[in-house]
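Before any comments, here is the structure.
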Amino acid sequence: MSLKYFLKLLLFSGFLSIFNSCQPTNEKLTSLILIRHAEKMIASSNDPQLSTKGWQRANELVHIFEAVDIDAVYASPYRRAIDTARPLATAKQLEILQYDPNKLVSFAQEILKIHQGETVVIIGHSNTTPQLTNALAGTEYSDLEETEYDWLYFVEMSPEGIPNVKKLQIQM
């Protein structure tokens with residue numbers, strides 16, 4: 001990952017933590033960080049493992065979000081998503097919660113209700129990550145290309161339900 005992108009993400013993460021901690025308890029933003037799973041092995045299996053580069057990216061998430069208080073980590077039930085979430089969840093001492101990637105609209109509603117005022121990381125796929133962002137914020141992001149693993153979506157939801165979305169590219 002380039003230093004420029006790392007610093008940009010670190011600055012954003014720090015701002016997010018500071019801003020959220022300055023809000024009155026019942027007025028905190030809900031912060032959702034949506035990430036596509038890391039690079040997978042090329043295989044004929046429907047549930048491939050992470051590649052060596054994928055494991056490096058998954059472990060890098062620990063450093064990227066080191067200064068961010070994370071309340072929950074979700075992953076789809078596929079191995080590549082769970083393995084991407086594992087290092088971060090372990091570092092934050094959190095259980096990896098699973099969601100059904102075929103029910104994104106109801107999952108979006110559930111996340112906003114259950115995790116109001118919290119910071120949540122959600123690991124998905126090239127199609128489900130932008131689709132979930134769209135379900136949460138009313139945006140129109142298209143699916144990621146099969147070779148794109150370096151985009152993060154930040155959805156901040158105000159207590160009034162007003163979304164603010166940022167899409168950030170982190171290259172390794």
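The values are calculated or read from the model by the stated rules, or taken from the named source; none is laboratory data. Not measured: the values here are computed from a predicted model. Note that each Cβ is placed from the backbone with ideal geometry, even for glycine, and that neighbours are counted across all protein chains shown.
Summed over region 92-108, the residues that are part of a helix (DSSP H, G or I) and either surrounded by 17 or more Cβ atoms within 10 Å (Cβ to Cβ) or in contact with a helix residue (DSSP H, G or I) (Cβ under 8 Å, 6 or more places away or on another chain) (or both) give a count of 4. Please go through region 109-130 and give me each residue that is over 13 Å from the mean Cα position of the chain (by Cα) and assigned to a helix (DSSP H, G or I), ordered by number. 109, 110, 112, 113, 114 - these are the residues of region 109-130 that are over 13 Å from the mean Cα position of the chain (by Cα) and assigned to a helix (DSSP H, G or I).
Would you confirm whether any residue within region 18-28 is modelled with pLDDT of 80 or more and of a type in the set (Val, Ile, Thr)? No, there is no match, as no residue in region 18-28 is modelled with pLDDT of 80 or more and of a type in the set (Val, Ile, Thr). Which one of the conditions (1) free of Cβ contacts under 8 Å to residues at least 12 places away in the same chain; (2) in a loop (DSSP other than H, G, I, E, B) does residue 159 fail to meet, given that it meets all the rest? For residue 159, the failing item is (1). Within region 132-148, being out of contact with any Gly (no Cβ under 8 Å at 6 or more places or on another chain) and of a type outside the set (Asp, Glu) holds for 133, 134, 135, 136, 137, 138, 139, 141, 142, 144, 147. For region 43-61, the condition of being aliphatic (A, V, I, L, M) and under 14 Å from the mean Cα position of the chain (by Cα) holds for at least one residue.
When only residues in region 71-91 that are more than 14 Å from the chain's Cα centre (by Cα) and outside any helix (DSSP H, G or I) count, which is surrounded by the fewest Cβ atoms within 10 Å (Cβ to Cβ)? Filtering first and then ranking leaves 77. Residues in region 30-62 that are part of a helix (DSSP H, G or I), buried (at least 22 other Cβ atoms within 10 Å of the Cβ) and aliphatic (A, V, I, L, M): 58, 61. Do any residues in region 133-149 that are modelled with pLDDT of 95 or more have Cβ atoms under 8 Å from those of residues that are crowded, with 18+ Cβ neighbours inside 10 Å and hydroxyl-bearing (Ser, Thr, Tyr), where the two are at least six apart or on different chains, and which pairs are they? Final answer for the pair search is 133/153; 139/133; 141/133; 141/153; 144/129.
Scanning region 138-172 for residues that are in contact with a Pro (Cβ under 8 Å, 6 or more places away or on another chain) and crowded, with 20+ Cβ neighbours inside 10 Å returns 153, 155, 157.
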